[in-house]
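Take a look at the structure below.
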Amino acid sequence: MSSDTGTAFAPAGDIGAVGRPPARGRLAGKVAVVTGGTRGLGLAMATVFLEEEASVICAARRSTTLTELAQAHGDRVSVETVDVCSAESVRSLMDRVMQRFGRVDILVSNAGVSRNGKIVDLGEREWREVLDTNLTGAFHCTKYVVPCMETAGGGRIINISAGMSSRVAPGAAAYSASKAALEMFTRASAVELAKKGILVNCIAPGFVNTGMYEPLRDDERLRSRYERMMVSGRPGEPWEVAAAAVFLASAEGSYVNGHVLEVNGGLLWS
Ligand SMILES: NC(=O)c1ccc[n+]([C@@H]2O[C@H](COP(=O)([O-])OP(=O)(O)OC[C@H]3O[C@@H](n4cnc5c(N)ncnc54)[C@H](OP(=O)(O)O)[C@@H]3O)[C@@H](O)[C@H]2O)c1
């Protein structure tokens with residue numbers, strides 16, 4: 001891309017942080033449910049969706065007021081409690097959303113946890129917690145959002161995976177396995193739901209300057225290990241992942257289905 005286009009893009013050869021492009025109302029009138037939308041990456045995606053004029057339901061186990069978002073976007077933003085590990089909790093969430101908004105156009109299955117530990121040391125409880133949240137949680141959300149999307153005449157589901165789905169690190173077996181399975185679940189969902197007008201894709205972020213990357217970033221030994229993997233020389237900014245989610249959720253993503261989009265600035269394999 002030439003540097004004289006007058007856009008916010010970086011000149012060729014420079015993949016440093018660039019200014020965030022302005023919102024363009026690309027999700028106007030859409031209703032989006034973002035699980036884990038109360039902090040970290042989920043909150044960043046919820047914020048960008050609101051700026052693109054969607055109504056957004058931020059859903060997580062703990063309730064919070066999200067005062068700034070409510071002040072900026074009024075009743076287009078709503079916070080709901082849900083535990084994605086529980087089918088009943090997810091079904092109840094979708095019921096409440098339907099009562100208030102009457103449809104769901106976009107689901108971002110973003111709620112996730114990571115529990116580190118080598119296989120021989122990892123507790124069964126931690127293993128189950130990761131699989132139940134990252135994989136079974138997405139299954140519950142997909143299963144119960146489909147009728148809401150059929151009411152809307154179609155929809156977009158975006159599952160949030162991770163670069164670790166396809167890269168190996170000691171101590172990350174549960175997290176990596178859960179995300180690799182989530183990517184296959186994405187492809188299976190895309191095949192099954194296409195006839196209903198529902199597109200299903202996945203975003204696999206690398207290291208992003210928020211949420212669960214923060215403790216790694218703040219640990220000098222771990223940070224230097226992970227920084228060596230980053231071809232771009234820096235972690236991603238939350239809005240850079242949110243921008244990919246907007247693309248997949250908007251009219252611009254209408255022919256992308258069953259895809260895993262890596263958003264990582266280039267990430268080495270080890
Ligand atoms: N940050 C990164 O660098 C990075 C990189 C690659 C992939 N990711 C992925 O991005 C997603 C978000 O990560 P993050 O870094 O933003 O993490 P985070 O700051 O820890 O946020 C996780 C969110 O998920 C919610 N959550 C956790 N368990 C839940 C459950 N059972 N039911 C409902 N909500 C639940 C949390 O709220 P409550 O605790 O209140 O429930 C919180 O809102 C995850 O899927 C993660 O694997 C992140």
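The values are calculated or read from the model by the stated rules, or taken from the named source; none is laboratory data. Everything numeric here is computed off the predicted structure, so don't read it as measured data. So basically every Cβ, Gly included, is an ideal-geometry build from the backbone, and we count neighbours across all protein chains shown. When the accessible area is computed, the model is the full protein with side chains, heavy atoms only, and any ligands, DNA or RNA have been set aside. Shrake-Rupley method; radii C 1.70, N 1.55, O 1.52, S 1.80 Å.
Here are some notes:
- Highlighted here are the helices (runs of 4 or more DSSP H) found entirely within region 169-270 that include at least 2 residues which are away from the ligand (no atom under 11 Å from the Cβ) and touching a residue at least 12 places away in the same chain (Cβ under 8 Å): 173-193, 238-249.
- Residue match in region 87-101 (condition: in contact with an Asp or Glu (Cβ under 9 Å, 6 or more places away or on another chain) and in a loop (DSSP other than H, G, I, E, B)): no
- Total residues in region 75-93, condition farther than 23 Å from K143 by Cα and either open to solvent by less than 40 Å² (accessible area, probe 1.4 Å) or within 14 Å of the ligand (Cβ to nearest atom) (or both): 1
- Some residue of region 53-62 being surrounded by fewer than 22 Cβ atoms within 10 Å (Cβ to Cβ), among the basic types (K, R), at pLDDT 95 or above and within 8 Å of the ligand (Cβ to nearest atom): yes
- Residue within region 112-130 that is open to solvent by less than 20 Å² (accessible area, probe 1.4 Å), assigned to a helix (DSSP H, G or I), closer than 30 Å to M164 by Cα and more than 9 Å from the ligand (Cβ to nearest atom) present: yes
- When residues in region 149-159 are screened for being open to solvent by 10 Å² or more (accessible area, probe 1.4 Å) and not small (G, A, S), 3 of them pass.
- Within the option set E183, E262, E220, being over 19 Å from the mean Cα position of the chain (by Cα) and open to solvent by 10 Å² or more (accessible area, probe 1.4 Å) holds for one residue only, E220.
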